[in-house]
Structures are given as structure tokens and as C-alpha cells.
Amino acid sequence: MLSSSKSSLFAFERLPLAYGLMNACVPHYSTKSLSRLLQLSTLTPLHIHSLDCHSVAGGAASEPLASLQCGRLLQSLTNSRSLGQGRRLHAHMVASGVLLDNTYLSTKLCAMYAVCGCVREARVIFDGIVLKSSFLWNVMIRGCACGGSPLESLLLYREMLKFGRRSDNFTYPFVLMACGDLCLVEVGRRVHSEIIACGYESDVFVANSLLSMYSKFGQMEIAQKLFDRMPVKDLTSWNTMISGYARNNDPATSLSLFADRPLTGSRLDDATLLGVLPACADLMALKQGMEIHAYILRSGMEINGFLVNALIDVYANSKFIVGAWRLFKNMCRKDNVSWNSMISGYARHGDAAESLSLFRRMNLEGVVPDAVTLIAVLGACDRVGAMRFGTSLHAYLIGKGYENRVTVGTALVDMYAKCGSLECSRQVFDEMPVKNLVSWSAMISGYGLHGRGREALACFDEMKAKGIRPDEITFASALSACGHTGLVREGREIFYQMSKAYCLKPKVDHYSCVVDILGRAGDLEGAYKFIMNMDAKLIADVWGALLSACRIHHNVELAEIAARNIISLKPEHIGPYVTLSSMYAADRRWSDVERIRGLARLNGLKKPPGCSFVESDIMIYRSLVGDNSHP
């Protein structure tokens, strides 16, 4: 049998000639010549040649294929995942009787079906084999784990141990995969203990599977410790950690790990990029996203639909809508993910009218919207108050059977509340069969927007009574409701309850809400002291809340302090200049008005024109201040 690469190349070059000779004298060839041709074909990357040999054998050979020949052919078809051709060979082996009581061929056949994802067929063959080798157990465990039957994979693993077979570094990766997919934390830990006892934790393939399992459990601290003590890390190790942090809502660490990866000997692949690009999108890390895009173009990588969608998401999230549109426009085939990214991107960018227009275009091009699309469109509706459009979407959702999904129901609750119909919002909320934390937060926020703080807090208490633990977003919604209704005492209690009872660290939104509560109640000095005492001095949005309150109560002195802090933290922000200018004008301090406007011009700042939206039966129009044109 030829073994060297030179011999393989020689064999490959001889194949056409061999086939020509075989076809020229089909009635006269023997099984021996066929066997030689099978040897040549299994050496080449074109596994289809082996099937051609099999077809010839079925039609003209004087004897059926021998066991060894079928074994080589099965291996070839397994490597190429040629399921249809494998079924034909299976039929030939049954008809010829070569498969009967042949453990070698049955094992090969089981492996072929398992690798091709046909777990049921593989299991039937597996159960018929009396003497099962470790290889066969591993093949079946792997087939079930990769073929969508993780529970069966674990049951097989337990059965294998009962039969006295030892696990090895080909068994553990797929057992760990099954544990991760089923989120069986305790089982996964026990398997990890077995791995340590057997000395396989240092094996890179087993270690990578451990990283993946713990990331699926959400236990990135354990994954990081394992990663740090790995003696050898390959590209998969880095990919697993990068995507694991991104999947577990820690995009900053994901991006940091991506920057720390070794640059030599680790060419980036799709898995790495698809792990880090969502992190860039979450952090609005436009610079890093553009660098990755440039790397893809420089390296000549094939840009598939998954990568383009991920890049669109980065650009849309980072408000680089022009770049997102350019990528989207040049896509040959746009799927739902592409449309969803652009529709939600325009909505987040503040161009909800374009978002809804794109949704109409999507329908015209025959792309059927899914639940994610409709949630994005509902988000655009609430930004422009397109109640009629949102109601039509609600009817469409009912027709498609989406209304019982928690995410869809939550989006409807939010849309109706923001479009002015709190009654419809509450009705949708009450009819939801299942409510999650986000649903309750949306309802609490809706009450707050309509100035019904007491009902918002009652909803907040009802949620806690049902055993649902509030998170940072829920607390922000409750605090905002207190601000809209002037519930100062209740707002303070909720803020301190957040850190003391629930061990949640306040963020920008929470500080801003408390300042807003105090400011709306007229306690501007209290709001200022709160900022100075609560480590919120370096947060521009908190000073922005104080500045807004100063404008309402016309406290110019504190407004100047707040504006100075905002300008030092966000020099590109035009808001403080406009607010101070208006307050000076109200006091007829024209020299100060001119001075502050001059500073804004000097810094290259310009106030964008205001705009409004008008909804008609077929379109949503946007009009800018000073625009005299008509739709």
C-alpha cells in the first residue's frame, strides 16, 4: 500500500487512467484489480472515487467486496460525511452478507452514521454489536453529544463505565459537552473530578472542553483558573474564553482577552472573530470593531454571512450607521439577522422612521419577519409614538402565534406605555401567561412614564412578593417612577434598599434618578450634596440631571457648577451650553448669552435641529425645524 505523500500524489494522478482502463474492460476485471483501485482512491482527498468503485463493484464484479475493502470505503465516506453514498454501501453489505457477524464493519458503519449525525441509525447498529470496543463507545457518545442528544450521551457514558470500559481523552470532551448543554453543574463537576484523578486535565482537548462547559454554566471564574494553569493553550482555548466572557455579559474582559492573545502562530479564524465581535457591539467599541474588519480584509479571509452580520451589529450599536448600511447594502443574501440588525440599529440611532421604512422594504422583498424582527420594530414604534403601526403589528403577532412569547409580550407592554396607552399596556401585561423580570420592569417603567408612581411601586412590591428578585434595571424603573411622581422618601428608601438588601452596586442611572427625584422636588442643595457624597462626581449624566432640575427651578448658580462639570467630562456635548444660554436669556443677561454661544462655536459645537414625526395610514413622516417642504 502506498504511504508517502509522493506515492499518494502519484496514485492520484493515475486515477483517471485507472478508471479509463476499468471502464474499457468492465466485464473482465477481477476483485483483485478493484481492491487495488480502492487502495488508490482512499489515499486521495476525492472520496467520491471510492463510491465510483463501489458502484462498479455492485454492477459488474464477479465477487462481492471483501471486509477490508468495505472498511476502507466506509472510512473514506465517513471522512467526507457522504451519508447518501454510505447508505448505498450499507445496502450492498447487507445484500452480500459481508456485514453478518462482522464487528469490524459494524463498528465502521456505526461510526459513519454517528459522524453524519444519524444518531438513531447509529444506535440500532451499536445495540446489535455484542463486543463493544472503547472506540465504539467513544464514537456513540460523541455522535449523541454532537447530534442533539446530550442526555443519551451521558446515559451511554454511565453504561460504558458499568461495562468496565475506561474513559480517555476521546471520551471526556463529549461528556463535558453534554453536561454543558444540559447545564448539569453537579454532574459536570463529578466528571471533572474523574478527569483530574485520571490525569487528563492537562490534555489540551479535555481542558478546552472544561473551559466550554464552565462557560455554559456561567462560572467564568472557574474557567479562568483552569485557563491560567493550562500548560499549553491553542487557538480553541483562547476562542472559548473570549466567546465565554461575551456570552456571560462580560464584554470588557472578552475584549481584553482578545487583545492579550498571542499574535504569533495563532491566525484568527471565524470562531475567534464571532466570539469577540459581539463584545465590541455590547461595548460600542467601534475602533476595535473597525480594526477587526480591516484585519479580515487584509488577511483575505472569506467574509461569510455570520461575520457580516456581526460587523453590522458592531457598527449599528456604535451608531456608525453609515458603515452598517454599506455592509448591509453590499450583501448578496440578506437573512433575518441582517435585517434585524439594521432595523434595530436605526431605531437605536434615533432614526425610527427609517427603521420602520426598512421593515416595509423587508416585507416587499419577501423576507418573512421573525419574532426578533417584530420586537425591534415595536421598539422603533415606541420611539416615534407610532401607535397605529404598533397596533397593526400586535394583530400580526397574534396571527402568527407570537403573542404568548415573553419577549414579544414585554415589547408590547413597553410599546403601548410609551405610545400613551397605559390601559392597553396593562391589559397585555395581565394576559401574559408567563412574566419574567424584564416584563415587570417594563410595566413599572410604564406606570412611571404616566406619572402614576404609587401604582409603579405597588407593581414593584407585587413582583417581589411573587419571588422575583429585582435587578439594576428594575430598581432604575422604580426610582424613575418616584421621580415622575415626587415620591422623595420612597425613592431614597428604594435606593438604599438596592445596595443593603440586594447587594447591588448603584450605577449611572440610579445616581441620576436620585438626583432627578430631589431636583424635581426642589431640593437642589440636597441633590448637589448627594452627588458630592456618593462618588458620582465624575459622571456627566448625573450632573446633567442636576442641570435639568436647575433649569426647572431657575437656580443659575448651581446650573453653572453643573454645566462646568459636564463640559469638563464631555466637552463634545452641546446640552450645557444651550441650557445656560436659555437661563441667561431669561434673566436678560445678554452678554453672558453671547459669551456662552461663542464658547460653543469656538469648540465647534452646533445644536442639531429639532424634529417631529407624523403617522399616516401608509407612512411615518419626519419633519425638521425650519424645513418647509411637504411629504
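The values are calculated or read from the model by the stated rules, or taken from the named source; none is laboratory data. Computed from a predicted structure; not experimentally measured. Neighbour counts run over all protein chains shown; Cβ positions are idealised from the backbone, glycine included.
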Exercise for review: Tell me, please, whether a residue that is touching a residue at least 12 places away in the same chain (Cβ under 8 Å) and more than 31 Å from the chain's Cα centre (by Cα) can be found in the range 500-515.
Suggested key: yes
Exercise for review: Return yes when Leu161 is modelled with pLDDT under 95 and in a helix (DSSP H, G or I) and no when it is not.
Suggested key: yes
Practice item. Could you grab me the full set of residues in the range 478-507 that are of a type in the set (Gly, Ala, Ser) and either assigned to a loop (DSSP other than H, G, I, E, B) or crowded, with 16+ Cβ neighbours inside 10 Å (or both)? Key: Ala478, Ser480, Ala481, Gly483, Gly486, Gly491, Ala501
Check your understanding: Has the range 381-388 got at least one residue that is of a type in the set (A, V, I, L, M) and closer than 19 Å to Val434 by Cα?
Key -> no
Review point. Right, Arg298: of a type in the set (D, E, K, R), out of contact with any His (no Cβ under 8 Å at 6 or more places or on another chain) and within 27 Å of Gly401 (Cβ to Cβ) or not?
Key: no
**Study point:** Residues of the range 552-564 satisfying the condition of being crowded, with 16+ Cβ neighbours inside 10 Å and farther than 16 Å from Glu525 by Cβ
**Key:** Ala563
**Study point:** Residue tally, condition surrounded by 22 or more Cβ atoms within 10 Å (Cβ to Cβ) and over 23 Å from the mean Cα position of the chain (by Cα), over the range 398-413
**Key:** 1
Review point. Of the residues in the range 120-138, how many are within 16 Å of Phe163 (Cα to Cα) and either hydrophobic (A, V, I, L, M, F, W, C) or crowded, with 23+ Cβ neighbours inside 10 Å (or both)?
Key: 8
Check your understanding: Across the range 343-397, which residue is surrounded by the most Cβ atoms within 10 Å (Cβ to Cβ) among those that are among the charged types (D, E, K, R) and under 23 Å from the mean Cα position of the chain (by Cα)?
Key -> Arg348
Check your understanding: If we scan the range 176-186, do we find a residue that is surrounded by 19 or more Cβ atoms within 10 Å (Cβ to Cβ), in contact with a Ser or Thr (Cβ under 9 Å, 6 or more places away or on another chain), not in a helix (DSSP H, G or I) and not hydroxyl-bearing (Ser, Thr, Tyr)?
Key -> no
Practice item. Using the structure shown, decide if Asn336 is buried (at least 22 other Cβ atoms within 10 Å of the Cβ), within 30 Å of Val428 (Cβ to Cβ) and touching a residue at least 12 places away in the same chain (Cβ under 8 Å). Key: no
Exercise for review: Kindly establish whether Arg564 is charged (D, E, K, R) and closer than 24 Å to Arg595 by Cα.
Suggested key: yes
**Study point:** Wholly enclosed helices (runs of 4 or more DSSP H) of the range 367-477 bearing at least 3 residues under 26 Å from Tyr511 (Cα atoms)
**Key:** 371-384, 406-418, 437-449, 453-465
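Here's the yes/no breakdown for (1) touching a strand residue (DSSP E or B) at 6+ places or on another chain (Cβ under 8 Å); (2) within 24 Å of Asp313 (Cβ to Cβ); (3) β-branched (Val, Ile, Thr):
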residue	(1), (2), (3)
Ala376	no, yes, no
Cys381	no, yes, no
Gly401	no, no, no
Asn404	no, no, no
Thr410	no, yes, yes
Ala417	no, no, no
Gln427	no, no, no
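So that you can scan it fast, the table gives a plain yes or no per residue for (1) at pLDDT 80 or above; (2) more than 24 Å from Ser548 (Cα to Cα); (3) more than 39 Å from the chain's Cα centre (by Cα):
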{"site": "Ile566", "(1), (2), (3)": "yes, no, no"}
{"site": "Gly575", "(1), (2), (3)": "yes, no, no"}
{"site": "Leu599", "(1), (2), (3)": "yes, no, yes"}
{"site": "Ser612", "(1), (2), (3)": "no, no, no"}
{"site": "Glu615", "(1), (2), (3)": "no, yes, no"}
{"site": "His630", "(1), (2), (3)": "no, yes, yes"}
Check your understanding: Out of all the residues in the range 193-234, which are hydrophobic (A, V, I, L, M, F, W, C) and free of Cβ contacts under 8 Å to residues at least 12 places away in the same chain?
Key -> Ile196, Ala197, Ile222
Exercise for review: Filter the range 165-186 for residues that are within 23 Å of Leu136 (Cα to Cα) and hydrophobic (A, V, I, L, M, F, W, C) and give the result.
Suggested key: Phe170, Phe174, Val175, Leu176, Met177, Ala178, Cys179
Check your understanding: Among (1) within 14 Å of Ala281 (Cα to Cα); (2) among the hydroxyl-bearing types (Ser, Thr, Tyr); (3) within 16 Å of the chain's Cα centre (by Cα), which single condition is Ser338 missing?
Key -> (1)
